[in-house]
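Each value in this text was obtained by applying a stated rule to the coordinates, not by laboratory testing. Note that the structure is predicted; figures quoted are calculated from it, not measured. Counting neighbours? That spans all protein chains shown, and the Cβs are built from the backbone with ideal geometry, glycine included.
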Amino acid sequence: MSGFVIERHPSPNFDNRACTISHIILHYTDMADCDLALARLCDAEAKVSAHYLIRRDGHIFHLVDEAARAWHAGVSCWRGEADMNSASIGIELDHNGHKDGKMDAFLEAQISALIWLLQEVTARHAIAPQNILGHSDIAPGRKIDPGEAFDWAALHKAGFGLWVDNVKTEDVLPLATGSEDKAVVPLQKALAAIGYQITVDGSYGPQTRAVISAFQRHFRPAKIDGIADAETQTLVYALCRLV
Ligand SMILES: [Zn+2]
């Protein structure tokens, strides 16, 4: 007995996958309530969807068959795969998003339902725990969901997603927009090795800043400023060694 309810609520927004399922992408709905999100994700005009939507109280809606390609990732890329809709299962979390740069915590009932669903989905498709990502990871500079209030550390403790902690911050100089330091190349290479879409050109431009912000939103949520300070760099290299 799972204790979790899955309600079928079919969305017309899907097509055929072009590759096998290897990832799970987490989102927040950025809407006032679940009914509004449900209506939008099932609106043929909106042309958006996800496989699942989890209400704040943990009730799970199943919108698109896992075998089909839902439309949640948009323009995105991870480890060179640009058709993330084909390569993933999309899960939306009912949440009102960022308001004035701040966001509410996710509720325990919702996260418990998510963890249960992840157990089911990863088992069905043999998805590696490290292939559970946020929308912001695969679309830096364009998407910021599920947001820094999403507790990736807790998810990792439950067996899903990437996390790194207990690493001693190395004594290195910060890198920021405009840095032409030779340390930019290895940093960009490490971010690419983790999976982020980034051009290794040795220049700390808008793309690198956006990727560092996405990295921080996931792995160092206390401070998201796009500056690769010593702690951020240490975490990037520590994570790179894990993947
Ligand atoms: Zn999203």
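At a glance:
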{"read-out": "Residues residue 128 and residue 157, FRET efficiency given R0 of 22 Å [Cβ-Cβ distance, rounded to 0.05]", "value": "0.85"}
{"read-out": "Using alpha-carbon coordinates, inclination of helix 230-242 to the longest axis of the chain, degrees", "value": "60 degrees"}
{"read-out": "Rel. contact order, % - alpha carbon contacts under 8 angstrom, at least six apart, the chain", "value": "19 percent"}
{"read-out": "Interatomic Cα distance distribution for region 67-208, bins of 10 angstrom, percent", "value": "10, 33, 37, 17, 3"}
{"read-out": "Region 60-127: relative contact order in percent, alpha carbon pairs under 8 Å with at least 6 residues between", "value": "18 percent"}
{"read-out": "For the chain, built as a Gaussian network whose Cα springs stay under 10 Å, the top-fluctuating residue of 195, 134, 147", "value": "195"}
{"read-out": "Förster radius 41 Å - calculated FRET efficiency between residue 16 and residue 241, Cβ distance, rounded to 0.05", "value": "0.65"}
{"read-out": "Residue 185-residue 36 pseudo-label distance in nm [points 7 Å out on the Cα-to-Cβ vector]", "value": "4.9 nm"}
{"read-out": "Most mobile listed residue (122, 169, 232) in the chain, GNM with C-alpha springs under 10 Å", "value": "169"}
{"read-out": "The chain, dipole about Cα centre (Lys/Arg Cβ +1, Asp/Glu Cβ -1), debye to the nearest 20", "value": "440 debye"}
{"read-out": "Gyration tensor (Cα) of the chain, equivalent ellipsoid semi-axes in angstrom", "value": "31, 18, 17"}
{"read-out": "Cα-based helix-to-principal-axis angle, 206-219 vs the chain, degrees rounded to 10", "value": "60 degrees"}
{"read-out": "Simple spin-label estimate for residue 67 and residue 170 in nanometres, 7 Å along Cα-Cβ", "value": "4.8 nm"}
{"read-out": "Proximal lysine pairs, the chain, alpha carbons under 23 Å, eight or more residues apart or interchain", "value": "13"}
{"read-out": "Per-selection Kirkwood Rh - region 184-242 (Cα, Å, 1 d.p.)", "value": "11.1 Å"}
{"read-out": "Gain upon complete extension [residue 75, residue 8; 0.36 nm per residue less C-alpha separation]", "value": "21.4 nm"}
{"read-out": "Extent along principal axes [Cα atoms of region 139-190; Å; largest to smallest]", "value": "39, 31, 18"}
